[in-house]
Amino acid sequence: MTFIGLVILVPLLAAVAILCWRKRSRELALSATGISFLSSLGLLFGPGSELILPGLPNMPLRLVATPLTALLSTMVAVVSTLVLIYATGYMAKDKEKNRFFATLLLFIAAMQTLVLAGDWILLLSAWELIGLSSYLLIGFWYEKPGVKTAATRAFLVTRSADLGLYIAAFMLIASAGSSDIATTLNTDGSIAIVAGIFLLIAAMGKSAQTPLHDWLQGAMAGPTPVSALLHSATLVAAGAILLIRTAPMLPPETLAVIGVVGGVTALVTGLMALGESDLKRLLAASTSSQYGLMFLAVGAGVPLAALLHLIAHAAIKSSLFLGAGVFQHSRGSTALSDLAGVARDQPRIFIGFAIAALALAGIPPLSGFFSKDTIIAATMAASNAWLFAPLALAGTVLTGAYMARMLRILWQGSARKKTLVGLKQMSIGFGGLVALVIVLGVLFPSIETFIAMPLPGNRLAVVLGLVAALTGLLLGWFIPARTLMGPLLEKANQGFSLAGGFDRLCVRPVFVIAHACEKLERRLYAAVLAVGQTGINIAHMTRNSDEQGIDLFIFSIVRRTIKLGNHARTLQSGLIHRELAISVIVTAGLFIFAAIGLLMY
Amino acid sequence: MSVELVWALITGAALFGVGIYGALSQTNLVMIMMGVELILAGALINLVAFWRYLHPDAMSGQMFVLIVMTVMALEMAVGFGVAIARFRSKGSVEMEEAAELKE
Amino acid sequence: MITGQSIFIGFFGVAAVWFGIVVFRTFSMVRSAIALLFSQTALGAMFLTMQAEFLGVLQIMMMATEMSIMAFFMVMFMMDPGGMGKMEMTHQKRLSLIVGLVSFVGAVAIAIFIDWGPVATTVADTAQQTKALGLELLGRSMLVFEMAGVTILTAMIAATSVAIQPLPLSAIKHKKDRV
């Protein structure tokens with residue numbers, strides 16, 4: 001229990017400490033990941049443990065350390081430690097180190113939570129958190145043009161796909177009555193099919209499968225350690241991890257769909273990688289392609305193959321990215337045209353780079369060979385082998401092709417010497433990962449026994465795999481991409497967008513709706529103002545009618561009274577004695593009249 | 001029908017008549033006011049006679065007399081105030097010249 | 001029936017009327033005022049005869065004061081206070097004579113020809129009368145008394161405000177500067 005806590009909490013606390021203290025961020029980060037790594041080793045070699053935290057009523061939060069999750073946790077810890085060592089060198093001259101290390105540690109904590117999550121609620125939260133950290137890290141150099149757009153695009157695409165995860169999680173929780181992942185894996189029937197499709201959608205978003213592969217290309221705007229950690233080994237792995245963990249539940253219909261998606265992705269993004277002109281974008285397309293192969297393996301019904309390739313790919317792609325980072329520092333750009341001949345600037349780095357590239361292509365005895373082999377064997381043993389196997393082989397050919405092309409371009413050129421700051425740390429991180437690339441192949445059989453899942457073996461698969469890899473390598477080395485791809489090159493550069501791509505299908509309609517809403521609102525506002533104006537007009541009218549109508553009437557009465565008074569005035573003489581006499585006589589007269597009246601009646 | 005009563009009433013009537021003659025025929029404001037005084041005196045004697053010979057136990061008769069006396073005094077006070085104001089503005093209190101009050 | 005009371009009433013009545021006529025017949029203004037004074041005093045004496053002592057005393061006292069004030073006003077406002085000029089100061093004499101005579105005759109007719117009913121012969125003692133008047137004043141006629149008081153106040157204020165001279169502007173300015 002304590003190991004689980006340490007694995008997650010130590011990076012998190014380190015992130016908070018860096019933000020508060022703002023000093024010695026490098027040392028804090030390194031020590032945090034080191035402790036996390038040791039704890040994950042403790043999880044790996046120790047007995048299975050579980051950590052239950054109070055959560056929603058009847059749905060406590062769970063962190064479980066099964067063999068699968070412990071293995072993944074260790075992988076995350078190893079890669080993140082090595083990348084962090086590299087990052088201390090890469091970011092040596094950057095002014096915003098604190099923000100970088102803090103966000104990176106936040107991401108590591110979230111990823112570990114995701115990997116170790118035992119219930120859906122925690123998994124959902126961790127899923128969202130890694131999306132957020134990815135946004136923060138891609139947009140790290142936010143003052144550079146285009147970075148903010150890339151970060152927002154990545155966030156929006158993955159976030160939209162996360163809706164699938166929400167729907168699937170709620171469906172599973174509702175049908176199983178509990179949020180524990182292990183319990184919900186017993187679901188079957190139509191719920192399983194539909195939930196599986198939604199899980200696939202979520203996985204497609206995070207793992208950059210077609211048609212959601214575009215965001216990964218743009219995510220290369222972030223710093224290279226971010227690309228190495230997030231967008232090759234961990235964040236994009238979340239999709240594959242989700243499918244691997246829920247594989248026991250997935251019915252054959254869903255598996256078929258998963259496999260098709262994976263295969264198509266491997267093909268499309270492989271072609272894109274072949275035609276790429278930017279090193280990091282090439283590697284990003286390659287990542288999508290490799291994850292497509294992993295999805296293919298899950299679709300073939302052998303999640304262990306996907307897991308092995310995931311681990312191998314983590315080491316390989318991270319080292320490729322770290323090497324690309326060194327090249328970037330050396331030449332100041334990532335465009336392949338600028339990087340021609342950079343191999344001669346940094347020969348030692350290039351050697352490691354080449355080893356990793358060959359491993360990805362599938363050359364024995366490197367780890368990539370073993371994992372590719374299992375995938376091809378799995379697809380050949382699957383029920384849809386007629387579809388899956390050719391796709392897997394095509395993917396292998398393409399992998400070899402673009403890797404060889406990349407190596408060729410980097411090799412062929414003249415050297416430009418430049419001293420690099422932080423080369424020592426970068427070399428250490430890079431070297432560690434390359435060592436893993438070489439060594440992991442040996443460890444695979446023990447992993448098989450550790451996880452205790454079946455793994456098909458097939459001689460034919462081995463042979464076919466080797467042939468495909470070598471073909472690809474030769475094609476890529478000797479034939480330039482233009483000739484190789486022909487008319488597909490343009491489409492590849494556009495990212496194989498269909499019907500105008502997301503821009504035409506999603507973005508423009510939304511803007512049209514937004515404009516319509518704005519116009520409607522303006523009309524409503526004018527209507528409200530008009531109502532107000534009507535009220536004011538009525539008030540004015542009332543006042544005017546009051547002033548002109550009633551006041552006129554009253555004043556006319558007053559004037560008439562005055563005129564009448566003037567007329568009456570002419571009756572009088574004004575002489576006082578006369579007035580007195582008149583009043584006396586009249587009073588007397590009245591009096592007599594009254595007296596006579598009284599007397600009579 | 002006592003002689004005293006009748007005689008008192010005749011006196012009141014006479015004062016009343018003299019007062020009216022004076023109020024209507026005099027030109028001076030002060031003289032007019034003296035005429036009014038005489039009219040009120042006539043009323044007073046009538047009141048006292050009625051009280052004494054018809055209802056001597058009802059004190060409200062004397063009350064009435066007090067009120068009339070008050071009225072006499074007040075009317076004289078206000079009248080003389082007006083006379084002062086008129087004298088200040090015009091220099092005389094002759095009522096014949098007061099025809100411009102009509103305007 | 002001829003009693004002492006009736007003789008005195010007759011005497012004082014004639015005196016009052018005679019002096020009243022003198023008020024308007026004489027040319028001298030002061031003499032007018034004095035004649036009016038005597039007329040009112042005769043009236044007061046008549047009151048005393050009729051055993052309304054309080055009223056009689058009141059009448060004599062009030063009229064004495066009033067007539068002297070009136071004499072002052074006479075002297076202030078009259079053209080010819082002494083009457084040395086012997087000017088005829090009347091107008092519409094005939095009309096007013098006729099009106100006066102008509103009213104006199106009418107009132108006498110009413111006095112003579114109406115049956116006034118039983119005549120009271122005895123009247124309460126003076127002290128008792130005064131006490132009864134006081135009780136009446138402050139008891140049943142309290143409202144009348146109050147109204148009279150208020151009316152007196154109003155009349156005083158009105159008379160004063162009409163009679164006082166408004167301050168000339170220079171005096172006001174001077175007053176202001178002094179502050």
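The table that follows gives values for the structure above.
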| read-out | value |
| --- | --- |
| Subset of the range A:183-230 [outside any loop (DSSP other than H, G, I, E, B), of a type in the set (Ser, Thr, Tyr) and buried (at least 24 other Cβ atoms within 10 Å of the Cβ)] | A:THR184, A:THR224, A:SER227 |
| Where B:ARG86 falls short, out of the listed (1) closer than 25 Å to A:ILE585 by Cβ; (2) in contact with a helix residue (DSSP H, G or I) (Cβ under 8 Å, 6 or more places away or on another chain); (3) within 14 Å of chain A (Cβ to nearest Cβ); (4) of a type outside the set (A, V, I, L, M) | (1) |
| Among the candidates B:ILE67, B:ILE45, residue that is buried (at least 23 other Cβ atoms within 10 Å of the Cβ) and in a helix (DSSP H, G or I) | B:ILE45 |
| Criterion: assigned to a helix (DSSP H, G or I) and surrounded by fewer than 24 Cβ atoms within 10 Å (Cβ to Cβ) - qualifying residue of A:ALA247, A:ALA233 | A:ALA247 |
| Options A:ASP180, A:ASP162: the member that is modelled with pLDDT under 85 and either surrounded by 15 or more Cβ atoms within 10 Å (Cβ to Cβ) or in the same structural domain as A:LEU6 (by TED's automatic domain parsing) (or both) | A:ASP180 |
| Residue within the range C:57-78 that is crowded, with 18+ Cβ neighbours inside 10 Å, acidic (Asp, Glu) and touching a helix residue (DSSP H, G or I) at 6+ places or on another chain (Cβ under 7 Å) present | yes |
| Sole exception among (1) surrounded by fewer than 10 Cβ atoms within 10 Å (Cβ to Cβ); (2) closer than 30 Å to B:ILE39 by Cα for A:GLY589, by number | (1) |
| Matching option when the condition is exposed (fewer than 10 other Cβ atoms within 10 Å of the Cβ) and either assigned to a helix (DSSP H, G or I) or at pLDDT below 85 (or both), among A:ASN537, A:ASN566, A:ASN544 | A:ASN566 |
| Residue match in the range A:344-356 (condition: surrounded by fewer than 22 Cβ atoms within 10 Å (Cβ to Cβ) and among the small types (Gly, Ala, Ser)) | yes |
| Of all residues in the range A:20-50 being more than 20 Å from A:VAL83 (Cβ to Cβ) and within 28 Å of the chain's Cα centre (by Cα), the one that is surrounded by the fewest Cβ atoms within 10 Å (Cβ to Cβ) | A:CYS20 |
| Test: residue in the range A:421-435 that is more than 32 Å from the chain's Cα centre (by Cα) and not aliphatic (A, V, I, L, M) | yes |
| Unmet requirement for A:GLY400, which otherwise passes all of (1) surrounded by fewer than 15 Cβ atoms within 10 Å (Cβ to Cβ); (2) over 30 Å from A:ALA70 (Cα atoms) | (1) |
| Residue in the range A:373-389 that is closer than 26 Å to A:PRO225 by Cα and surrounded by fewer than 24 Cβ atoms within 10 Å (Cβ to Cβ) present | no |
| Selection within the range C:126-135 - without any contact (Cβ under 8 Å) to a residue 40 or more places away in the chain and surrounded by 12 or more Cβ atoms within 10 Å (Cβ to Cβ) | C:LYS131, C:ALA132, C:GLY134, C:LEU135 |
| Close pairs (6 angstrom Cβ cut-off, 6 or more residues apart or separate chains): surrounded by fewer than 23 Cβ atoms within 10 Å (Cβ to Cβ) in the range C:10-38, basic (Lys, Arg) anywhere | C:PHE27/C:LYS86 |
| All positions within the range B:20-30 that are in a helix (DSSP H, G or I), buried (at least 24 other Cβ atoms within 10 Å of the Cβ) and within 7 Å of chain C (Cβ to nearest Cβ) | B:ILE20, B:TYR21, B:GLY22, B:LEU24, B:SER25 |
| For B:GLY81: the one exception among (1) within 7 Å of chain C (Cβ to nearest Cβ); (2) in contact with a Lys or Arg (Cβ under 8 Å, 6 or more places away or on another chain) | (2) |
| The range C:41-55, residues that are part of a helix (DSSP H, G or I) and within 13 Å of B:LEU47 (Cβ to Cβ) | C:LEU43, C:MET46, C:PHE47, C:LEU55 |
| Single residue of the range A:553-591 satisfying the filter (hydroxyl-bearing (Ser, Thr, Tyr) and more than 12 Å from chain B (Cβ to nearest Cβ)) that is nearest to B:TYR21 (Cα to Cα) | A:THR561 |
| 2 or more residues outside the structural domain of A:THR66 (by TED's automatic domain parsing) and touching a Ser or Thr at 6+ places or on another chain (Cβ under 6 Å): qualifying helices (runs of 4 or more DSSP H) within the range A:352-462 | A:385-411, A:423-451 |
| C:VAL108 at pLDDT below 85, surrounded by 12 or more Cβ atoms within 10 Å (Cβ to Cβ) and under 30 Å from B:GLY17 (Cα atoms) | no |
| Within the range C:57-89, tally of residues that are within 7 Å of chain B (Cβ to nearest Cβ) and modelled with pLDDT under 65 | 1 |
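The values are calculated or read from the model by the stated rules, or taken from the named source; none is laboratory data. Computed from a prediction, not measured in an experiment: that's the story for all the values here. Quick reminder, even Gly has a Cβ in these numbers, built from the backbone with ideal geometry, and neighbours come from all protein chains shown.
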